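Colleague: One structure coming up, written as structure tokens, with questions to follow.
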Amino acid sequence: MRIFLTGATGYIGRAVLDALVRGGHQVTALVRDNQKAKRVASRGGQPLVGNLGDPDSYRAAADAQDGYVHTAYDDATGRGPVVDRIALDTLIAAARRPRTVSAATPARRFVFYTSEPWVLGRTSDPVAEDAPINPIALASWRPDHERLVIAAGSAELRTIVIRPGVVYGGGDGMVGDLFKSAANGLVRVVGDGNNRWPLIYDRDLADLYVRLAQHEDASGIFHANDEGDERLNDIVSAIGPHLAHRPDVRHVPLDEARAKMGDYADALSLDQVVRSPRARAIGWAPTLHSVAGNAARLLGEWKAARA
Ligand SMILES: NC(=O)c1ccc[n+]([C@@H]2O[C@H](COP(=O)([O-])OP(=O)(O)OC[C@H]3O[C@@H](n4cnc5c(N)ncnc54)[C@H](OP(=O)(O)O)[C@@H]3O)[C@@H](O)[C@H]2O)c1
């Protein structure tokens, strides 16, 4: 299939690009400069230099696609939600325009939107995709974008919202930050650390995107979690033994953390137990189910990615 991917140089998008290319798909990837274009080309994607906030830079290329996978997020400008909305409007409009048909053309085009479980708020009892939303402040704008995507679904277009857990693997993300702090000798944990993050290994998450692209009946909301329900304290404790020096661990009261990092403190201390029954129903099964249980391997991945 011909797939248009945003965010191919990012944490999630890189893994999705690799998995789509491995799956034999032709991926056009929006990147912001020539250096990143080279990186994407070396991974088997067809780069297109442009910017999410400037639809003219990618509208024409987006027309000729069978599917759209949006993983990009503009975190640096303070206009993240605004740029995200521009991107969704542009991709959905492209997905509704006529396309050229080839032997590999699927019957329905698709648009995938990468959201986050923070739209669910605190969920100390397990919740699935049908749970009511109750977003934390950081994700307060997200439900509108999820609704926009779901409402765009039709007989000709299937639309999907994916809510990945906190991604681990390689050198990035919130778990990568834990490895970094531990390697530097001090891990600050917001709150008492008994909270559970919903988690997912980057390659398992990418496998779900590919399965959803190939599953012509799939639409709606999909959670993506390893369902390990690990407590943050257990993850932090598991890292120390694999380092030359055990790091100190400091539990920072939520109010103190909020004063320093704002709403992100609430995200870090959120307790969430999330299930992914809809993804499992299409045959998806994560290969990893624990950060703590794979701490040595994941620390090795983190070091290799940083090297
Ligand atoms: N990481 C997680 O644990 C996690 C979990 C759940 C949901 N999510 C959500 O998934 C999405 C992606 O997360 P991530 O961790 O992969 O983020 P990331 O590593 O920061 O990657 C963001 C990607 O978006 C691209 N981008 C940013 N602004 C752009 C613009 N104006 N035009 C074109 N491309 C632009 C970046 O390109 P450059 O390389 O040029 O910067 C990069 O490829 C976000 O919406 C995030 O909230 C993430």
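Only the coordinates and a few stated rules stand behind these numbers; no lab work does. This is a predicted model, so every value here is computed, not measured. Glycine also receives a Cβ, built like all others from the backbone with ideal geometry; neighbour counts cover every protein chain displayed.
Colleague: Most fluctuating residue of ARG250, ARG85, ARG14 in a GNM of the chain with Cα springs under 10 Å: which is it?
Modeller: ARG250
Colleague: Grab the Cα-Cα distance for ALA60 and ALA41, subtract it from 0.36 nm times how many residues apart they are, and report the gain in nm with one decimal.
Modeller: 4.9 nm
Colleague: Moving on. Provide the percentage of antiparallel DSSP beta bridges, counting only those with both residues in the chain; round to the nearest 5. The partial results should precede the final answer.
Modeller: Details: 1 of 39 bridges.
If I count the DSSP bridges inside the chain, around 5 percent turn out antiparallel.
Colleague: Which value, in debye to the nearest 20, describes the size of the charge dipole of region 222-286 about its Cα centre when Lys and Arg Cβ atoms bear +1, Asp and Glu Cβ atoms bear -1, and nothing else is charged?
Modeller: 180
Colleague: How big is region 38-101 on each of its three principal axes, counting only the C-alpha atoms and giving the largest first in Å?
Modeller: Sorted from largest, the Cα extents of region 38-101 read 39, 30, 18 Å.
Colleague: Can you compute the FRET efficiency between ASP89 and LEU243 using 1/(1 + (r/R0)^6), with r the Cβ-Cβ distance and R0 = 41 Å? Round to the nearest 0.05. Before the final figure, lay out the partial values.
Modeller: Numbers: r = 46 Å, r/R0 = 1.13.
According to the calculation, E is roughly 0.30.
Colleague: Can you tell me which of THR100, THR28, THR77 moves the most in a GNM of the chain? Springs connect C-alpha atoms under 10 Å apart.
Modeller: THR77
Colleague: Quote the relative contact order of the chain in percent (integer), defining contacts as alpha-carbon pairs under 8 Å separated by 6+ residues.
Modeller: Across the chain, relative contact order equals 18 percent.
Colleague: Another question, if that's okay. In nanometres, what is the gap between the two model label sites at TYR264 and ARG22, each 7 Å from Cα along Cα-to-Cβ?
Modeller: 3.0
Colleague: Further question: Which Cα, out of LEU148, PRO135, VAL166, lies furthest along the positive dipole direction of region 96-178 (beta carbon charges, K/R +1, D/E -1)?
Modeller: LEU148
Colleague: For the pair ASN233 and ASP33, what calculated FRET efficiency results from E = 1/(1 + (r/R0)^6), where r is the Cβ-Cβ distance and R0 = 41 Å, to the nearest 0.05?
Modeller: Efficiency, from the Cβ-Cβ distance: 0.50.
Colleague: Separate question: Compute the normalised compactness of region 35-179: alpha-carbon radius of gyration over 2.2 N^0.38 Å, N being the residue count.
Modeller: Details: Rg = 16.8 Å, N = 145, 2.2 N^0.38 = 14.6 Å.
So the Cα radius of gyration is 1.15 times the expected 2.2 N^0.38 Å.
Colleague: Sequence gap at least 6, Cα distance under 8 Å: using those rules, report the relative contact order of region 1-131 to the nearest whole percent.
Modeller: Working: 200 pairs, mean separation 32.1, N = 131.
The value is 25 percent.
Colleague: Let me have the 222 nm mean residue ellipticity of the chain computed from DSSP H runs of 4+ only, each contributing -39500 (n - 2.57), with the sum over all residues rounded to the nearest 500.
Modeller: Helices in the chain give a 222 nm mean residue ellipticity of -11000 deg cm²/dmol.
Colleague: Suppose every Lys and Arg Cβ carries +1 and every Asp and Glu Cβ carries -1, with no other charges. What dipole size does region 139-283 come out with about its Cα centre, to the nearest 20 debye?
Modeller: Result for region 139-283 is approximately 80 debye, rounded to the nearest 20.
Colleague: Rounded if a/c is under 1.5, else prolate if a/b is larger than b/c, else oblate: which is the chain, with a ≥ b ≥ c the root eigenvalues of its Cα gyration tensor? Walk me through the intermediate numbers first.
Modeller: On the way: a/c = 1.76, a/b = 1.59, b/c = 1.11.
Prolate, because a/c is 1.5 or more and a/b exceeds b/c.
Colleague: Quick one: if the Förster radius is 30 Å, what FRET efficiency do THR287 and ALA103 give, using the C-beta to C-beta distance and rounding to 0.05? Walk me through the intermediate numbers first.
Modeller: Details: r = 32 Å, r/R0 = 1.07.
Once rounded, the FRET efficiency stands at 0.40.
Colleague: For the residue pair ASP217 and LEU138, what label-to-label distance in nm results when each label sits 7 Å from Cα along the Cα-to-beta-carbon direction?
Modeller: In this crude label model, ASP217 to LEU138 measures out at 3.7 nm.
Colleague: Between SER102, SER57, SER181, which gets the highest mean-square fluctuation from a Gaussian network model of the chain, Cα cutoff 10 Å?
Modeller: SER102
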